[in-house]
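The values are calculated or read from the model by the stated rules, or taken from the named source; none is laboratory data. Keep in mind that what you see is a predicted model, and the values were worked out from it rather than measured. Positions of Cβ are generated from backbone atoms using ideal geometry, with glycine treated the same way; all protein chains shown enter the neighbour counts. The accessibility values were calculated without ligands, DNA or RNA, using every heavy atom of the protein model including side chains. Shrake-Rupley method; radii C 1.70, N 1.55, O 1.52, S 1.80 Å.
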Amino acid sequence: MDILVPDDPVFFAKYQSIEEPLLRRLHRLSGARTDSHDTRVISDAYDSWVHVLVKLPAWPHWRDDDLSGSSKEGEPTGYILYDSHGRQLTSLYPLWMAEADLGRLAACYDLFVEAAKGRYTGSAPATFDPPEQACGFVDVFKRVMEVLLMPAPRGLMRLLQEVRPQGPVRMVTLTPVQEAEYQRFCEEIVTVLSAGDIFAYRSHRAMYL
């Protein structure tokens, strides 16, 4: 499925933070030789986590998979986004994500939600953190999934799909209508990622608005 992902260090940091808890729980399950279903769910989710990671704009090698020498080595590729008044904006990148990868991550999230609520019915609840410790991880996981599954404005998606990295940096200026779409979409992203902490929310919002 096509999604829009922000070039946003807050989102990237939250996404990266999922890795260690996934690996820790996978290690516990593997070591305990318990419910193979849970092990498979988390293992598949970790593989999908990697698949998504390498497509994110903050990944050092961000570029189209089929990019083949269209720009000189070391020359930046991509685009710079401006509003209708010429002010530079935080970029959004159209990415194609396999629905299977997003589905595996969602299934893993559901597993941890049940564990955090104390309703885990598997054979080895001890392989999960106590509910009070798991809630922080589950909250971050939830926010990340909401951003990944957030419906993108069609106008912005069409525009940015036409300017995906294919050479030297391009300048893209939004029309007032596109700018309004951008502001609404980015406000949703900030609310999802930073709601609950007033200082974090204001600082994060300043990146976009």
Query - Considering residues of segment 137-163 that are in a loop (DSSP other than H, G, I, E, B) and not charged (D, E, K, R) only, the residue farthest from the chain's Cα centre (by Cα) - result: 163
Query - Matching residues in segment 75-105 - criterion: being free of Cβ contacts under 8 Å to residues at least 60 places away in the same chain, open to solvent by 30 Å² or more (accessible area, probe 1.4 Å) and farther than 28 Å from residue 179 by Cα - result: 100, 103
Requested in this report: Using the structure shown, decide if residue 187 is part of a helix (DSSP H, G or I), surrounded by 15 or more Cβ atoms within 10 Å (Cβ to Cβ) and without any contact (Cβ under 8 Å) to a residue 40 or more places away in the chain.
Outcome: no
Query raised in the report: Does at least one position in segment 46-66 carry a residue that is of a type in the set (Ser, Thr, Tyr) and modelled with pLDDT under 90?
Result: no
Query raised in the report: Among the residues of segment 96-112, how many are farther than 19 Å from residue 27 by Cα, hydrophobic (A, V, I, L, M, F, W, C) and either modelled with pLDDT under 90 or in a helix (DSSP H, G or I) (or both)?
Result: 3
Query - Selection count where residues are modelled with pLDDT of 90 or more, open to solvent by 60 Å² or more (accessible area, probe 1.4 Å) and out of contact with any helix residue (DSSP H, G or I) (no Cβ under 6 Å at 6 or more places or on another chain), scope segment 131-157 - result: 5
